[in-house]
Amino acid sequence: MFYPSPTRSSTNHSCVYRPFFDSLALIRSSILKLRWCIRRDLTHSPPMAQPLVKKDDDRDDEAEYSPFLGIEKGAVLQEARVFNDPQLDPRRCSQVITKLLYLLNQGETFTKVEATEVFFAVTKLFQSKDMGLRRMVYLMIKEISPSADEVIIVTSSLMKDMNSKIDMYRANAIRVLCRITDGTLLSQIERYLKQAIVDKNPVVASAALISGIHLLQSNPEIVKRWSNEVQEAVQSRAALVQFHALALLHQIRQNDRLAVSKLVTSLTRGTVRSPLAQCLLIRYTSQVIRESGNNTQSGERPFYDYLESCLRHKSEMVIFEAARAITELNGVTSRELTPAITVLQLFLSSSKPVLRFAAVRTLNKVAMTHPLAVTNCNIDMESLISDQNRSIATLAITTLLKTGNESSVDRLMKQITNFMSDIADEFKIVVVEAIRSLCLKFPLKYRSLMNFLSNILREEGGFDYKKAIVDSIVILIRDIPDAKEAGLLHLCEFIEDCEFTYLSTQILHFLGNEGPKTSDPSKYIRYIYNRVHLENATVRASAVSTLAKFGAAIDALKPRIFVLLRRCLFDSDDEVRDRATLYLNTIGGDGSVVETDKDVKDFLFGQFDIPLVNLETSLKNYEPSEEAFDINSVPKEVKSQPLAEKKAPGKKPTGLGAPPSGPPSILDAYERMLSSVPECANFGKLFKSSAPVELTEAETEYAVNVVKHIFDRHVVFQYNCTNTIPEQLLEDVTVIVDASEADEFSQVFSKPLRSLPYDSPGQTFVAFEKPEGVPTVGKFSNILKFIVKEVDPSTGEAEDDGVEDEYQLEDLEVTASDYVLKVGVSNFRSAWESLGPDFERVDEYGLGPRESLAEAVNTVSNLLGLQPCEGTEVVPPNSRSHTCLLSGVFIGNVKVLVRLSFGLDGPKDVAMKLAVRSEDETVSDAIHEIVASG
């Protein structure tokens, strides 16, 4: 975002800008004074007191020292005692506050006692009439965030300042009060805040508006009552007041599309004077255009004329904002783009680097979709290649590469060659990707572009830069057949001096697939075999595989390949030796030159379609026997979601009905396991599987845990059992479940486990039927029953006769939280308002003494089993109140949202207000029952 130029409208707005920078000027002056004192102390102190910082010989006496050098929290807290002196020294007090603010902003944590002592000491400084010190006091109170019972101490002083005749006191007091107060006190000062919004002094009005923007996050109901005053402030002649008022008014109405459209309609008629507010209005206008789409009758976009008129504004940032908004319109036409491209072209020759950068970056984006529209700017952008700002030069080059024609390629390559050595790797990568796109656009120019890529490949650079070049050459080889042999030779020359193992192995793999298809494959053998002698074990093993591919594909090269592979049999690494042995036996290492079998070629060149994770699991589970391991028995389905799909920002679920964010492989595995149980075939879709619940103590003879599988009408208990006694074999293992304390559950079936050898986990299942869609709860007692047989340690054979035995397990409970699925929302406020208050249930609870507020938040969140939203599960240090937002889906696919408000009621007692909204009132009541019974 651009900021207004200080040379524009300085006479009109100097009174507005100056007060907002006074606070920064005050801190700066305090730092300068502190520097002067440190420099004076260093100059007049004895030699032993000199700091352990050596000055460079070429520095003069005016060398600057950090005023915060060697600051320690304990020493600063001792200095803070000056706040208690009967005769206050404003300069000294300001210096101490500056040090405290530095410590807080550096992440230094203050204990509860330390924070309280500093807060009470700072409040005593209100008796000073020094304006500079008073402003430092305001900053300190905001940063230290006093607790609810401490706020009262300073409230009266702040309210007095809020009604003071000194505007600076009023503005800062409003900011501090709104930062430290809760909803109760806010309602008491609401009248003063409304008056401040329409105050004649722009500093006071802006302070109140900014406070409203912050308060809208925690107390939206109160701030929404200020709409009339904020609407009046939008008409203010002060630039920043209009800017802040428009921002607040839009946030108040942002969830009402019709209200936002009316706001934009009224303001686009010329009532906005502030350049900053104008930029905001342009963004809101673009939002309305995106949501409304094209006018079906006239074919024209609504508000497009307004955006075009902003291109003639006197403020540069408004012009740029309008131009960027036009270029980002959906389905923008060349006619609509023309005026925006014209003003951006003017910015390219501006004397201000920020304007040149903004213009060329926007044109770079436009060139991706409308390259012809940017062609007229090419001459101006060519002059930017030599710009001192490397970011501007890089964007200019990449834009030219996207918009240039075939005749200009050679000229661009000459300019880029000198330019590449002056920029960082991250910019080089951008240029390489642009060159790759240009080569695919003009295939006949592949020679010059390929030579350029090979030249920069030999230069110094990091892994990402070299990988980008290699990837580009590989893509060009695949898409441009004529470039194959030249590209392969460039890659062969690169691996001669490549320092990155990953790139060497990738190139060798690619060479093994593409090299045999060239006209003269033998010329690549030398480069490949050199890797066997000169590289590490990983690269040597890859080179062996590449040699084998050449031998399998080209019969004439087999004798030479056999000689080279036999030499690899004496390698120091076992992986290299094993591969050489395998390939010699596979492609006929007896010396006879015969045509390679199709199966061998499929083995060497075919795609390995079995997931490695599945293969690893199958090999671990394979028990050596007379029957050989069959690779066809390995499942080919992918168990987990691809990493790229997991992290794709555009595919992140945004609604309550989205699938859970956890790894789907666990739920899929449970579903497949239950589908193998015939009795569960008619239970329907699995809603949720709980985490394993331990039913035995650690280090006992039998280890048992249970997983609760929740269906719409059934609950299945999966008991995972492990026998930890080597001398015993358990047979007919089952769990006897007593549901006498779970009246609404009726047992459907019990599936025993036939055999449970030592240290080999097994599963037994017990299923219960329950009322459909109801969060039925109950307590179950469990007894493990089995037949135990003694095992002979020498032979491993079990005796024929066994003894029935049983083992008492821990009780198991099915709670209401088992029927809740964790599902997050991206915008909690929007989701909350969309559900509406129809089925909202609100109540207050006393949680009793707790170690901390964070412990209370964690306990309730775990009890409900919902997903924390927007990071609200983290409680700031020393907080005495906190709001936690939770979301999820109740059984039956009922969306549910929870707002928890915590507060300390006394030293350690915690009070909680629970507000629940859902699509079903019974679900809202069920959430409250979970808390009440928990």
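The values are calculated or read from the model by the stated rules, or taken from the named source; none is laboratory data. Treat the numbers as computed from the prediction; the structure is a model and nothing was measured. When we count neighbours, we look across all protein chains shown, and the Cβ atoms used for this are built from the backbone with ideal geometry, even at glycine. These area figures cover heavy atoms from the full protein model, side chains too; ligands, DNA and RNA do not enter into them. Shrake-Rupley method; radii C 1.70, N 1.55, O 1.52, S 1.80 Å.
Count of the range 410-430 residues, restricted to those that are open to solvent by 50 Å² or more (accessible area, probe 1.4 Å), in a loop (DSSP other than H, G, I, E, B) and in contact with a Ser or Thr (Cβ under 8 Å, 6 or more places away or on another chain), is 0.
Among the listed residues E229, E308, E291, E221, identify the single one that is under 28 Å from L355 (Cβ atoms) and of a type in the set (D, E). Talk me through it step by step, then tell me what you get.
Details: E229 fails: under 28 Å from L355 (Cβ atoms); E291 fails: under 28 Å from L355 (Cβ atoms); E221 fails: under 28 Å from L355 (Cβ atoms).
The match here is E308.
When every residue of the range 783-805 is checked against the conditions, none turns out to be within 45 Å of the chain's Cα centre (by Cα), without any contact (Cβ under 8 Å) to a residue 40 or more places away in the chain and open to solvent by 70 Å² or more (accessible area, probe 1.4 Å). Before we move on, is L125 aliphatic (A, V, I, L, M), open to solvent by 30 Å² or more (accessible area, probe 1.4 Å) and modelled with pLDDT under 90? Answer is no for this residue. Summed over the range 868-888, residues that are among the hydrophobic types (A, V, I, L, M, F, W, C) and open to solvent by less than 10 Å² (accessible area, probe 1.4 Å) total 3. The set of residues in the range 453-470 being farther than 15 Å from L503 by Cα, at pLDDT 85 or above and of a type outside the set (A, V, I, L, M) consists of N455 alone. Scanning the range 806-825 for residues that are touching a residue at least 40 places away in the same chain (Cβ under 8 Å), part of a strand (DSSP E or B) and closer than 30 Å to L885 by Cβ turns up V814, V820, L821, K822. Only residues that are open to solvent by 30 Å² or more (accessible area, probe 1.4 Å) and more than 15 Å from N723 (Cα to Cα) were counted in the range 753-771, giving 2. Residues that are out of contact with any helix residue (DSSP H, G or I) (no Cβ under 8 Å at 6 or more places or on another chain) and of a type in the set (D, E, K, R) within the range 904-934 comprise D905, K908, D909, K913, D920, E921, D925, listed in sequence order.
Scanning the range 905-919 for residues that are modelled with pLDDT of 85 or more and over 32 Å from the mean Cα position of the chain (by Cα) yields V910, A911. Go through the range 91-125 and give me each residue that's in contact with a helix residue (DSSP H, G or I) (Cβ under 7 Å, 6 or more places away or on another chain), touching a residue at least 40 places away in the same chain (Cβ under 8 Å) and hydroxyl-bearing (S, T, Y). Hits for the range 91-125 are S94, T98.
Figure legend. Inter-residue proximity from the range 469-491: first residues open to solvent by 50 Å² or more (accessible area, probe 1.4 Å), second residues not small (G, A, S), beta-carbon distance below 7 Å, spacing 6+ or different chains. Indicated pairs: I475/R436; D479/L440; D482/Y446; E485/T518.
Kindly evaluate S349 against the criterion of being open to solvent by 60 Å² or more (accessible area, probe 1.4 Å), more than 34 Å from the chain's Cα centre (by Cα) and in contact (Cβ under 8 Å) with a residue 24 or more places away in the chain. Judged against the criteria, S349 is a match.
Might you let me know whether the range 903-922 holds any residue that is buried (at least 20 other Cβ atoms within 10 Å of the Cβ) and of a type in the set (K, R)? Within the range 903-922, one or more residues are buried (at least 20 other Cβ atoms within 10 Å of the Cβ) and of a type in the set (K, R).
Consider Y819 carefully, then state whether it is closer than 30 Å to N621 by Cα and at pLDDT below 90.
Details: closer than 30 Å to N621 by Cα: no; at pLDDT below 90: yes.
Against the criterion (closer than 30 Å to N621 by Cα and at pLDDT below 90), Y819 does not qualify.
Which members of the range 241-252 meet the condition of being of a type outside the set (F, W, Y) and touching a residue at least 24 places away in the same chain (Cβ under 8 Å)? Working first, answer last.
First, pick out the residues of the range 241-252 that are of a type outside the set (F, W, Y): 241-242, 244-252.
Correct list: V241, Q242, H244, A245, L246, A247, L248, H250, Q251, I252.
Is it the case that some residue within the range 792-806 is farther than 22 Å from N720 by Cβ and among the hydroxyl-bearing types (S, T, Y)? Checked the range 792-806: at least one residue is farther than 22 Å from N720 by Cβ and among the hydroxyl-bearing types (S, T, Y). For the residues K517, K549, the requirement of being of a type outside the set (F, W, Y), over 41 Å from the mean Cα position of the chain (by Cα), within 19 Å of G588 (Cα to Cα) and open to solvent by 10 Å² or more (accessible area, probe 1.4 Å) singles out K549. In the range 155-263, counting only helices (runs of 4 or more DSSP H) that sit wholly within it, the ones holding 3 or more residues that are out of contact with any strand residue (DSSP E or B) (no Cβ under 6 Å at 6 or more places or on another chain) and surrounded by 20 or more Cβ atoms within 10 Å (Cβ to Cβ) span 167-180, 183-197, 202-218, 227-234, 239-253.
Do the conditions hold for E336, that is, is it closer than 30 Å to T265 by Cβ, part of a helix (DSSP H, G or I) and among the acidic types (D, E)? Working first, answer last.
Details: closer than 30 Å to T265 by Cβ: yes; part of a helix (DSSP H, G or I): yes; among the acidic types (D, E): yes.
In short, yes.
The set of residues from the range 79-90 being polar (S, T, N, Q) and touching a residue at least 24 places away in the same chain (Cβ under 8 Å) comprises just one member, N84. Annotation: V774 fulfils all but one of (1) part of a loop (DSSP other than H, G, I, E, B); (2) open to solvent by 70 Å² or more (accessible area, probe 1.4 Å); the unmet one is (2). In this structure, does T883 turn out to be among the polar types (S, T, N, Q), at pLDDT 85 or above, within 30 Å of V113 (Cβ to Cβ) and touching a Ser or Thr at 6+ places or on another chain (Cβ under 6 Å)? It is true that T883 is among the polar types (S, T, N, Q), at pLDDT 85 or above, within 30 Å of V113 (Cβ to Cβ) and touching a Ser or Thr at 6+ places or on another chain (Cβ under 6 Å). In the set (1) of a type outside the set (V, I, T); (2) touching a helix residue (DSSP H, G or I) at 6+ places or on another chain (Cβ under 9 Å); (3) crowded, with 16+ Cβ neighbours inside 10 Å, F749 fails one condition alone, (3). Candidates I319, I341, I326: the one that is open to solvent by less than 50 Å² (accessible area, probe 1.4 Å), within 24 Å of S261 (Cβ to Cβ) and among the β-branched types (V, I, T) is I326. From the list T696, T764, the lone residue that is part of a loop (DSSP other than H, G, I, E, B), in contact with a Phe, Trp or Tyr (Cβ under 7 Å, 6 or more places away or on another chain), within 17 Å of D811 (Cα to Cα) and not aliphatic (A, V, I, L, M) is T696.
Report yes if some residue within the range 534-544 is without any contact (Cβ under 8 Å) to a residue 60 or more places away in the chain, open to solvent by less than 10 Å² (accessible area, probe 1.4 Å) and among the hydroxyl-bearing types (S, T, Y); otherwise report no. Checked the range 534-544: no residue is without any contact (Cβ under 8 Å) to a residue 60 or more places away in the chain, open to solvent by less than 10 Å² (accessible area, probe 1.4 Å) and among the hydroxyl-bearing types (S, T, Y).
Among the numbered conditions (1) surrounded by fewer than 19 Cβ atoms within 10 Å (Cβ to Cβ); (2) in contact with a Leu (Cβ under 7 Å, 6 or more places away or on another chain), the only one that R356 does not meet is (1). Against the list (1) open to solvent by 60 Å² or more (accessible area, probe 1.4 Å); (2) in contact (Cβ under 8 Å) with a residue 40 or more places away in the chain; (3) not acidic (D, E), the condition A742 fails is (1).
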